[in-house]
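Peer 1: I'd like to ask some things about the structure below.
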Amino acid sequence: MVFCDRSIPVPASEMGKHFGSLFDSLDGTDVSFIIGTETVHAHQVVLAAHSSVLKAQLVGHLDESTMSSIPLRDITPSIFRAMLRFVDTDVFPRADLLGDSPFEMVQHLLAAADRYALDRLKLMCA
């Protein structure tokens with residue numbers, strides 16, 4: 001056995017940074033969401049890992065599981081993108097990403113977090 005009185009510093013996790021880069025690049029996206037006239041691309045496995053609602057939609061027995069493009073209503077593209085960025089990075093959206101009306105955006109983000117069972121995001125919005 002080797003004993004040492006000095007600990008080795010371990011750098012902080014960069015997983016959120018790496019997933020954020022993947023989100024920004026759109027590499028490997030395998031599902032898209034149609035919101036009005038806009039298309040938002042995402043990674044099924046990441047969404048399914050974070051949200052039981054999205055998991056049921058994407059890999060369950062619902063009709064959406066066989067669709068490559070899923071239409072969404074009652075959400076704006078900017079709110080959905082902010083929610084997806086949180087799912088990928090586990091970081092609350094920066095103020096500059098919340099637009100001209102951050103308070104209103106956070107209210108809509110809270111509703112989206114509730115809709116998709118993202119409890120951590122709900123608490124952060126509250």
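The values are calculated or read from the model by the stated rules, or taken from the named source; none is laboratory data. Since we're looking at a predicted model, the values are computed, not measured. Virtual Cβ from ideal backbone geometry, glycine too; neighbours counted across all protein chains shown.
Peer 1: Name the residues in the stretch 69-126 that are within 17 Å of Val53 (Cα to Cα) and outside any helix (DSSP H, G or I), would you?
Peer 2: Answer for the stretch 69-126, where residues must be within 17 Å of Val53 (Cα to Cα) and outside any helix (DSSP H, G or I): Ser69, Ile70, Pro71, Leu72, Arg73, Asp74, Ile75, Tyr116, Ala117, Leu118.
Peer 1: Given the residues Leu118, Leu84, which is the only one that is in contact with a Phe, Trp or Tyr (Cβ under 9 Å, 6 or more places away or on another chain), buried (at least 16 other Cβ atoms within 10 Å of the Cβ), closer than 19 Å to Phe19 by Cα and at pLDDT 95 or above?
Peer 2: Numbers: Leu84 fails: at pLDDT 95 or above.
Going through Leu118, Leu84 in turn, the sole match is Leu118.
Peer 1: If you don't mind, there's one more thing I want to ask. Looking at Ser25, is it of a type outside the set (A, V, I, L, M, F, W, C), farther than 27 Å from Glu14 by Cα, modelled with pLDDT under 90 and surrounded by fewer than 20 Cβ atoms within 10 Å (Cβ to Cβ)?
Peer 2: Against the criterion (of a type outside the set (A, V, I, L, M, F, W, C), farther than 27 Å from Glu14 by Cα, modelled with pLDDT under 90 and surrounded by fewer than 20 Cβ atoms within 10 Å (Cβ to Cβ)), Ser25 does not qualify.
Peer 1: Applying the selection to the stretch 1-55, what residues are in a helix (DSSP H, G or I), farther than 16 Å from Thr89 by Cα and charged (D, E, K, R)? Outline the logic, then answer.
Peer 2: Taking the stretch 1-55 and keeping what is in a helix (DSSP H, G or I), we get 15-25, 44-50, 52-55.
Then keep just the ones that are farther than 16 Å from Thr89 by Cα; that gives 52-55.
Once the filter is applied, which keeps residues that are in a helix (DSSP H, G or I), farther than 16 Å from Thr89 by Cα and charged (D, E, K, R), the stretch 1-55 yields only Lys55.
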